Amino acid sequence: MTARTPIRIAIVGVGKIVRDQHLPALAKNPDFELVAAASRNATVEGVANFGSIEALLAEGPAVDALSLCMPPQVRYDAAHKAISAGKHVFLEKPPGATISEVEDLKALADAKGVTLFASWHSRYAPGVEAARKFLAGTTVRKASLVWKEDVRRWHPGQAWIWEAGGFGVFDPFINCLSIVTHILPPLHVTRALLDFPENRDAPVAARIDFAGANGLTASADIDWLQTGPQTWDIVAETDAGRMALSSGGAKLAIDGKPVQDEPEREYPALYERFAGIVRDGVSDVDVAPLRHVADAFLLGKRNVVAPFFD
Ligand code: NAP
């Protein structure tokens, strides 16, 4: 493949995020040519469509890469098949249901000489790099993570997200953790309280405490039942002032003064990154955000709360 040959890509698991983000981002990126899709109940216009990844790999047009966008509980199997077939793989976040399966896929990708990309879209929010640079030049004392959104607005009718391995409120909060693990010094979970609706197998809210070196502490307040304004804020008290990264990483202010406020282009940036690592022949697989989620479940005290109905 030369630098100018488009990467032939297929999408697997055509649902909300594919329609909202993947298809528009791919349509505008000349590094990719979308040639096929595999989904049990959905199709993508203008490309070859298959009912399963097995049918796509066996009967489909030649592809170099696959984007796997189905829920995390079923992603390992598809990724294993794709990598085994010598394809580069883009994993939606979270990259899997467990750390072990993601590490297994990374080892397989290395052995097969293909690129594996554990994508973390929030790391590409416009304020994140400026926040990372600001924090790298100072000492962070304390951080506060507040992630409160309305599940009915963002995940209407999605059953998998409430099942074991679906992450519950950690599905959005892992976006916060993907930023935190990129911009803040190392932290580890010290305490977690998880609220499980009595009729669901995944939490709807949580409070989490973290600690780091030299007295650094952080706390998280996460909730999936917030109606009205949505809150996706990371605040850090530092020796150089108070850093507030809000709107999921889009807006950055230092001591109340706006530093960055640009429209987001997370998925275009994700596909630029994927094209770059495919061309360079490397992988990008960071399990740090997933590890914090696993630790919160390991340490978490379980509270049973009111049932959740869509
Ligand atoms: P979704 O629409 O519920 O699921 C995507 C598609 O996956 C479904 O339409 C379905 O297509 C397929 N699928 C569902 N269950 C499956 C199963 N058991 N086995 C095989 N395929 C199955 O979910 P989504 O919102 O697009 O989210 C998918 C992934 O993207 C998640 O990991 C999520 O965290 C991530 N993500 C979502 C958003 C968002 O705003 N929604 C944002 C960023 C990232 P078929 O029935 O046609 O096979």
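Miscellaneous remarks
- Residue within the range 39-55 that is within 14 Å of the ligand (Cβ to nearest atom) and in contact with a Phe, Trp or Tyr (Cβ under 7 Å, 6 or more places away or on another chain) present: no
- The residues of the range 17-38 that are within 16 Å of the ligand (Cβ to nearest atom) and of a type outside the set (A, V, I, L, M), listed by number, are R19, D20, Q21, H22, P24.
- Top-ranked residue of the range 107-133 - restricted to ones that are hydroxyl-bearing (S, T, Y) and part of a loop (DSSP other than H, G, I, E, B), ranked as farthest from the ligand (Cβ to nearest atom): T115
- The residue that is nearest to the chain's Cα centre (by Cα), counting only those in the range 68-86 that are more than 10 Å from the ligand (Cβ to nearest atom) and surrounded by 22 or more Cβ atoms within 10 Å (Cβ to Cβ), is A79.
- Any chance A65 is within 13 Å of the ligand (Cβ to nearest atom) and open to solvent by less than 40 Å² (accessible area, probe 1.4 Å): no
- Qualifying residue in the range 54-69 (condition: modelled with pLDDT of 95 or more, farther than 28 Å from D201 by Cα and in contact with a Ser or Thr (Cβ under 8 Å, 6 or more places away or on another chain)): yes
- Strands (runs of 3 or more DSSP E) enclosed by the range 180-274 - at least 2 residues per element that are within 18 Å of the chain's Cα centre (by Cα) and surrounded by 17 or more Cβ atoms within 10 Å (Cβ to Cβ): 217-223, 231-238, 241-246
- Check on F90, within 30 Å of L252 (Cα to Cα) and either more than 12 Å from the ligand (Cβ to nearest atom) or of a type outside the set (D, E, K, R) (or both): yes
- Against the criterion of being touching a residue at least 24 places away in the same chain (Cβ under 8 Å), farther than 13 Å from I179 by Cβ and of a type in the set (F, W, Y), W232 does not qualify.
- Figure legend. Inter-residue proximity from the range 236-261: first residues closer than 15 Å to S122 by Cα, second residues open to solvent by 50 Å² or more (accessible area, probe 1.4 Å) and not in a strand (DSSP E or B), beta-carbon distance below 6 Å, spacing 6+ or different chains. Indicated pairs: A250/E264.
The values are calculated or read from the model by the stated rules, or taken from the named source; none is laboratory data. Source: prediction; values computed, not measured. Cβ sites come from the backbone with ideal geometry, for glycine too, and all protein chains shown count toward neighbours. Surface areas here come from the heavy atoms of the whole protein model, side chains and all, with no ligands, DNA or RNA. Shrake-Rupley method; radii C 1.70, N 1.55, O 1.52, S 1.80 Å.
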